[in-house]
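Structure first, commentary second.
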Amino acid sequence: MAAVALAATMAVAVAAPLALLPADISAAPLPALADTPAWVSPVAPDPTRTVKNAVQGMDYLLADSQTRVAPDGTRQNFRHFAMRVRTTKGLDHAGQVDIEWDPTYQRLQLHQIRVLRDGRWLPWRDRVSARTLDREPEAEQRIYDGRKTLLLQLDDIRVGDVLEYAYTVNGWNPVYAGKQFGGFSLDYGSPVARIHNRLVWPTGRDVVVRASPGTPEPRRSVGGGQQELVWDATDVPAVQREDHTPSWFDPWSEVRWTEFRDWGDVARWGAPLYQPPAKLSPALRAEVDRIAGAYAAPAERAAAALRLAQEQVRYLSISMGTGSHAPRAPDRVFAQRFGDCKDKSLLTVSLMRALGLQANVALVHTEMREKLADALPSAGVFDHAIVQAVVDGKTYWLDPTQPPQRAPLDRIAPADFGQALVLSPQTTGLTRMETGDAAIFRRRIAVVFDLAKGPGHRAGFEVTTRYEGLAAERMRNGSFSENLPEYASKALKYYANYTRLAGIKPLAPLAWQDDEQANVVTTHERYDIDDPWERDKHGAPSKAGLPSPEMVDLLRKPEIALRKQPLSFGRGEELIMRVEERVPASWTPMEKDSDVRTFQAQAFSYLREFRMEGHSVHLTQTFRSKSDHVPVDQLAAHAKTLDQAADWIGHDLSWDLQDRSRSGGSGSLGKGILALVGMLALWIGAYHGSNWLSRRRLDASLARNAAANSASPHAPAHRSPETPST
């Protein structure tokens, strides 16, 4: 989540003919150029500077961000940028300027737009076409926040031109009850010749300011009833985020500030907004009576209240102005049957309290997770609202925006975001979300290779997969049961691409069983495959390579060469894979033999248990992830352990076993199998580990606020100088 401009998110975009712009863009006169506010400290770009290692055909000469908080709490955010078009590629990025603001509480002023060409600064106001966009970038997720974008289309921009513009957005969301917070970016995904950040603060208001480690101290001055802090840097190199880093990792440097003293102060701000009504509407009261009459146990009542919000209130976020954080009244939400995470959470809490249960709304950050504890306290650092319920002395974390969870309360996959702020007057700090075993994405796969007919015959191949808890909900919510033929086709195509399962054919339709009460989904697949026995140079059977593709997927070695940032790893995942190999009936029964191999790394463990007896070989493999990331200093050890474990995935069944009265046990499929296995997602289409988070619906207002207003330390994969922090 990026910490970007509170007042306006401005990005230089690819120029497009106005005739091709979307229909929701309305013509608008270019705002009159207003004088730069007197409080702004003038900073001029240096057009003679050349930026080293420039990207996108642009020299970013200046990124100037200044914020002023007046003694009465009014706020102004001044932004000033300059960039040179270095190549024709840069023309694609310099022809359009976007300035974003919220008209419900903000006012936009444009101060300057000019171009330096052939040594002369030329006014460019008359060469700009203006349009206003009702831009709703998250409309597909049913999220609407009412923000507008002023789109400036610039004519006749050429290679070598320097474009300079400045504007101010005035206003601060009244939902924060006058409390101020924000931040500045100290570097970006592109090199910048000069980054200038300035905070002007009234001396009568206390503020906490924190910068990233290693940041030089700001210049400080006091006078005229205000204090001033300035961070000014030149020749700032680009900072890039490597691929496959954990969601909470932020390589960029920032300055953040807040008037909130601590997390308890934030909770006291939010608790009144999320206070359930003293009296429910007749419609909601009837639902409370219905639940109370149908269920006696507190846990059953809590689960029923959660299901009501999940099943009867669809997700739709209309979060304009103060609606960015203030939920709508539960009576209204239930009457209209739609709401966002705030609305659905307060509705759930209201029902639970009316049923005599202890419950509160809690705020979380879906990407920062445990790292939320390191953030500077503010109301803008969160992007999602959930419910904390205490039932029979046990704490449950529940998400009313999830698809219906119909299992008993203790079998529901909990909301799991690391840290939460419970909105209660008694809250003094963040609460660690202890979710335990219920939050694990667990699969149990039983595979049978039936080789009883021996060489020259097709072999049986059966797969039974049991998805439990969170894994079951991901499968269930993926609507696979509603389109089993398509799901079965994907599974068949996956296997058909697997060399050691050549000639695969289904023997029966894919079977699906859903036990919602146990929160378990089970699938069963039956196939047969071509003769799996390999031949030696004399044409005699030698071995049958029997794969474990799901395990290979989990233990695939990542690219770590020259990596300098932590590596993301599947969080909270467990796979138990049991493979039975039924050997030819003509074999003499094998004597009992076994072998155990254990591999431990900082982020995972892998256990391989091998047993053979009679006419069956049994291979059990257990994978457990222990962390959501691998630290840089553990990358080499991690890769080494993956290599070692990969040598023991699956099994090669040797034909020589038929002549032995006692065997040495396990074989090794080896690293070569890694090249043969496609991604597991192509098979099951499910989501495991940390990947399931990408399916969540982020609440519009909170997500937008975290991106635009907060002191959140998160940033996008490529942070541009044109989208600075507040």
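Rule-based calculations on the coordinates, nothing more; no lab input. Predicted model, so just to flag it, every value in this text is computed and none were measured. Neighbour counts are summed over all protein chains in view; Cβ atoms, including those assigned to glycine, are modelled from backbone coordinates with ideal geometry.
Between SER586 and ALA508, the FRET efficiency from the beta-carbon distance, with R0 = 30 Å, is close to 0.65. Backbone N atoms of segment 243-285 closer than 19 Å to the 7 Å Cα→Cβ label point of GLU559 belong to residues 243-246. In sequence order, segment 152-162 has phi-based couplings of 10, 9, 9, 8, 6, 8, 10, 4, x, 5, 10 Hz under the Karplus curve 6.51 cos²θ - 1.76 cosθ + 1.60, θ = phi - 60°, and Gly or Pro positions carry x. Taking label positions 7 Å along the Cα-Cβ direction at both ALA70 and ALA34, the computed distance is 1.1 nm, reported to one decimal. Please report the spacing between the Cα centers of segment 500-522 and segment 191-217 in Å, no decimals. Using only Cα atoms, the two centres lie 58 Å from each other. Can you pull the one-decimal nm distance between simple spin-label points at SER129 and ALA335, each 7 Å off the Cα toward Cβ? Roughly 4.6 nm, to one decimal.
Based on Cα contacts under 8 Å between residues 6+ apart, segment 309-443 shows a relative contact order of 23 percent. With each label modelled as a point 7 angstrom along the Cα→C-beta vector, the GLN600-ARG158 pair spans 7.0 nm. Evaluating 6.51 cos²θ - 1.76 cosθ + 1.60 at θ = phi - 60° for every residue in segment 197-203, the Karplus couplings come out as 10, 9, 10, 10, 9, x, 5 Hz, glycine and proline recorded as x.
Give, in nm to one decimal, the length gained when the segment between GLU486 and SER616 is fully stretched (0.36 nm per residue of separation minus the Cα-Cα distance). All intermediate terms of the calculation are to be shown ahead of the outcome.
Details: separation 130, 0.36 × 130 = 46.80 nm, distance 3.36 nm.
Full extension of this stretch gives 43.4 nm more.
Separation of the alpha carbons by more than 19 angstrom is noted, of LYS179/LYS371; LYS279/LYS394; LYS505/LYS537; LYS557/LYS640; LYS52/LYS89, for LYS179/LYS371; LYS279/LYS394; LYS505/LYS537.
For segment 39-51, backbone phi angles converted through the Karplus equation (6.51, -1.76, 1.60; θ = phi - 60°) give residue-by-residue couplings of 6, 6, 8, x, 9, 9, x, 9, x, 7, 6, 10, 8 Hz, Gly and Pro being listed as x. Of the residues SER625, GLY614, PRO547, the one whose Cα sits farthest toward the positive end of the charge dipole of segment 518-629, with +1 on the Cβ of Lys and Arg and -1 on the Cβ of Asp and Glu, is SER625. Using the Cβ-Cβ distance between SER41 and GLN312 with R0 set to 45 Å, the FRET efficiency from 1/(1 + (r/R0)^6) comes to roughly 0.25. Would you please give the FRET efficiency between ILE576 and GLU370, computed as 1/(1 + (r/R0)^6) with r the Cβ-Cβ distance and R0 = 25 Å, to the nearest 0.05? It comes to 0.40.
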